[in-house]
1. Does region 107-142 hold any residues that are open to solvent by 40 Å² or more (accessible area, probe 1.4 Å) and within 12 Å of the chain's Cα centre (by Cα), and which are they?
2. Of the residues V136, V109, which single one is aliphatic (A, V, I, L, M) and in contact with a Leu (Cβ under 7 Å, 6 or more places away or on another chain)?
3. Take N54 and tell me if it is under 19 Å from Y107 (Cβ atoms), over 16 Å from the mean Cα position of the chain (by Cα) and either part of a loop (DSSP other than H, G, I, E, B) or not aliphatic (A, V, I, L, M) (or both).
4. Looking at this structure, is E44 among the acidic types (D, E), farther than 16 Å from I108 by Cα and not in a loop (DSSP other than H, G, I, E, B)?
5. Return the residue satisfying two criteria in turn: it lies in region 6-41 and is part of a loop (DSSP other than H, G, I, E, B) and of a type in the set (A, V, I, L, M), and of such residues it is most open to solvent (accessible area, probe 1.4 Å).
6. Checking I81 against (1) over 28 Å from K130 (Cα atoms); (2) touching a strand residue (DSSP E or B) at 6+ places or on another chain (Cβ under 6 Å), which single condition isn't satisfied?
7. Pull up region 65-80, narrow it to residues that are polar (S, T, N, Q) and open to solvent by 80 Å² or more (accessible area, probe 1.4 Å), then point me to the one that is modelled with the lowest pLDDT.
8. Find all pairs meeting these conditions: Cβ atoms under 8 angstrom apart; at least six residues apart or on different chains; first residue within region 81-102 and of a type in the set (S, T, N, Q) and at pLDDT 95 or above; second residue open to solvent by 30 Å² or more (accessible area, probe 1.4 Å) and in a helix (DSSP H, G or I).
Amino acid sequence: MIVEQYREKLLDIIIDLIENKNVIQFYSGFRGDFDFYCSSLMYELKAKYPQIKNTLVLSYIPESLNEDSVFTLPKYFDDSIYLLERSVPKRLAIIETNKCLVNKVDYIVAGVVAHFGGAYMACEYAYKQKKPIISVIDGWSI
């Protein structure tokens, strides 16, 4: 997995956010390799920083949820959140969720390698909103 080569840099970024910027709330979509990797690192860091909270951002309400079922939260997360306040077509749910998330947070930690796709679009939106984007990938920019 390409993300593993950035483990130390990603750890340094997260630790800097915790120790120097007083960030205790983190969000992740848990959709791709980068999201999964960040979530697993956050899970590990909770041993040293028990005050941090990692929230799973849902782009869709789980279809298995009904009156008799319970959503099983992956072990890497403390809780989950659904940010969309209005109904959107399924093909736009991730894009719209990313915009809501950008509006909610103070910093964006990005592992984007290409200038296309949902993660890139989220970074592009964050840039327009003047949100700080901290790239794990050396030399990457909007």
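The values are calculated or read from the model by the stated rules, or taken from the named source; none is laboratory data. The structure displayed is predicted, hence computed values, not measured ones. Here Cβ is always computed from backbone atoms with ideal geometry, including for glycine, and neighbour counts include all displayed protein chains. Note: accessible area is taken over every heavy atom of the protein model, side chains too, but ligands, DNA and RNA are not part of it. Shrake-Rupley method; radii C 1.70, N 1.55, O 1.52, S 1.80 Å.
1. So the first thing to find is which residues in region 107-142 are open to solvent by 40 Å² or more (accessible area, probe 1.4 Å), and the list is 107, 109, 113, 115-116, 119, 121, 124-125, 127-134, 138-139, 141-142.
Matches in region 107-142: Y107, V109, A119.
2. Numbers: V109 fails: in contact with a Leu (Cβ under 7 Å, 6 or more places away or on another chain).
Answer to the check: V136.
3. Working: under 19 Å from Y107 (Cβ atoms): yes; over 16 Å from the mean Cα position of the chain (by Cα): no; either part of a loop (DSSP other than H, G, I, E, B) or not aliphatic (A, V, I, L, M) (or both): yes.
No: the conditions fail for N54.
4. Working: among the acidic types (D, E): yes; farther than 16 Å from I108 by Cα: yes; not in a loop (DSSP other than H, G, I, E, B): yes.
So E44 fits the description; yes.
5. Residues of region 6-41 part of a loop (DSSP other than H, G, I, E, B): 22-24, 29-32.
Right, trim to of a type in the set (A, V, I, L, M) and you get 23-24.
Numbers: V23: 25, I24: 88 Å².
Once the filter is applied, the top-ranked residue is I24.
6. Looking at each condition in turn, I81 falls short on (1).
7. Step one: filter region 65-80 for residues polar (S, T, N, Q), giving 66, 69, 72, 80.
After this cut, where a residue has to be open to solvent by 80 Å² or more (accessible area, probe 1.4 Å) as well, the list is 66, 72.
Values: N66: 55, T72: 82.
Taking the candidates together, the pick is N66.
8. N98/G118; N98/A119; N98/M121; N98/Y125
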